[in-house]
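See below for the structure under consideration.
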Amino acid sequence: MISRKSEKLRNRENWLGLPKIRSLRSLQLSLPRGFTIIELLVTLSIIAILLSIMMPGLKAARESANRIQCSSNLRQIGLAIYLYAFQNGERLPETIFDNEGLEKSGEMMALTTGSMSNPELEKQWDGLGLLVGDGKMFLDNMQCLYCPCHHGNHHFSQLVGDAKSSPVRLYSNYHFRGDTDSATQQHRFLFLQSSDNCLVADGMREESDINHRTGTNTLRGDISVRFWSDNSKLLRNTMQSHSVDDPATEEIYEKLWTNFNK
């Protein structure tokens with residue numbers, strides 16, 4: 001009786017047309033094998049070649065995006081300068097570093113004066129720092145004073161707390177032209193500025209302050225921003241050969257600003 005039922009069950013075993021179940025051991029033997037060492041090395045070599053081809057393009061794309069962000073920063077700074085001028089008799093932000101007897105064009109990246117020999121001048125906001133200092137906030141975002149392409153010593157993280165009272169002079173990544181014409185010792189007024197007058201450029205106090213490899217962004221008197229291409233490597237060569245304390249520094253910076261205006 002039992003054997004007859006077993007035979008019927010065997011006859012119905014494959015009534016759905018399913019393949020017979022093999023043993024686990026036979027399944028393991030039929031599984032595909034993994035990569036060989038040679039195949040793995042070839043694959044890794046191909047990936048390395050593709051990365052080496054793509055990396056320069058990715059780096060150039062990142063530089064281009066950062067340069068656009070830098071241009072946006074300068075436009076925001078330009079609008080802030082306009083707001084400052086409207087409330088201060090059309091005057092540009094004042095800086096002590098273009099006053100007669102205190103001319104230091106290399107220090108016009110400074111946001112604060114830091115420690116000075118004259119107590120009346122030390123630990124104050126200066127130049128572009130007047131756009132964000134003492135709660136005035138002509139510039140809404142203080143991070144606009146720092147270029148995303150910068151790799152030097154001056155970073156946004158330093159501009160925290162009571163920056164004005166710090167004995168250490170704090171710098172942005174952008175270089176201010178100043179509010180006084182060194183040749184005539186006359187104040188620069190906003191309504192006299194035009195697209196031919198460069199007001200702010202990328203930092204150039206030292207070689208490490210140069211933000212871009214091929215030139216510098218420049219903010220013009222009409223708030224337009226242009227990229228000045230340094231095809232002759234004038235800016236980089238000048239920064240490599242000069243010192244901030246060099247007596248001839250003023251002439252060097254005047255030459256650079258003249259070139260930026262072209």
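The values are calculated or read from the model by the stated rules, or taken from the named source; none is laboratory data. As the structure is a computational prediction, the values presented were derived from the model and not from experiment. Note: ideal-geometry Cβ built from the backbone for every residue, glycine included; neighbour counts use all protein chains shown.
Tabulated data
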{"read-out": "Residues satisfying the stated conditions in region 240-262, i.e. within 21 Å of N73 (Cβ to Cβ) and either touching an Asp or Glu at 6+ places or on another chain (Cβ under 8 Å) or of a type in the set (F, W, Y) (or both)", "value": "W257, F260, N261"}
{"read-out": "Selected residue (criterion: modelled with the lowest pLDDT) from residues of region 58-79 that are within 19 Å of the chain's Cα centre (by Cα) and of a type in the set (A, V, I, L, M, F, W, C)", "value": "L58"}
{"read-out": "Unique match (being assigned to a helix (DSSP H, G or I) and either without any contact (Cβ under 8 Å) to a residue 12 or more places away in the chain or surrounded by fewer than 16 Cβ atoms within 10 Å (Cβ to Cβ) (or both)) among I77, I68", "value": "I68"}
{"read-out": "Residue in region 151-163 that is touching a Lys or Arg at 6+ places or on another chain (Cβ under 9 Å), surrounded by 13 or more Cβ atoms within 10 Å (Cβ to Cβ) and of a type in the set (F, W, Y) present", "value": "no"}
{"read-out": "Near pairs, Cβ below 7 angstrom, 6+ apart or cross-chain, from region 196-209 (touching a residue at least 12 places away in the same chain (Cβ under 8 Å) and surrounded by fewer than 23 Cβ atoms within 10 Å (Cβ to Cβ)) to any residue that is polar (S, T, N, Q) and assigned to a loop (DSSP other than H, G, I, E, B)", "value": "D196/N261; N197/N261; S208/N153"}
{"read-out": "Count of residues meeting criterion [over 16 Å from S64 (Cα atoms) and touching a Lys or Arg at 6+ places or on another chain (Cβ under 8 Å)] in region 202-215", "value": "1"}
{"read-out": "Test: residue in region 123-131 that is surrounded by fewer than 22 Cβ atoms within 10 Å (Cβ to Cβ) and either of a type in the set (K, R) or touching a residue at least 40 places away in the same chain (Cβ under 8 Å) (or both)", "value": "yes"}
{"read-out": "Within region 188-210, considering residues that are assigned to a loop (DSSP other than H, G, I, E, B) and among the polar types (S, T, N, Q), the one nearest to I252 (Cα to Cα)", "value": "N197"}
{"read-out": "Residues being out of contact with any strand residue (DSSP E or B) (no Cβ under 7 Å at 6 or more places or on another chain) and either assigned to a helix (DSSP H, G or I) or not hydroxyl-bearing (S, T, Y) (or both) - total across region 211-262", "value": "29"}
{"read-out": "Residue satisfying all of: in region 137-178; modelled with pLDDT of 90 or more and of a type in the set (D, E, K, R); farthest from R67 (Cα to Cα) among these", "value": "R169"}
{"read-out": "Matching residues in region 155-176 - criterion: being farther than 21 Å from G78 by Cα and part of a loop (DSSP other than H, G, I, E, B)", "value": "V160, G161, D162, S166, P167, V168, R169"}
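Quick grid of which residues meet (1) of a type in the set (V, I, T); (2) in contact (Cβ under 8 Å) with a residue 40 or more places away in the chain; (3) in contact with a His (Cβ under 8 Å, 6 or more places away or on another chain); (4) within 17 Å of T95 (Cα to Cα):
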residue	(1), (2), (3), (4)
Y146	no, yes, yes, no
H151	no, yes, no, no
S157	no, no, no, no
R169	no, yes, no, yes
Y174	no, yes, no, yes
G178	no, yes, no, yes
H187	no, yes, no, yes
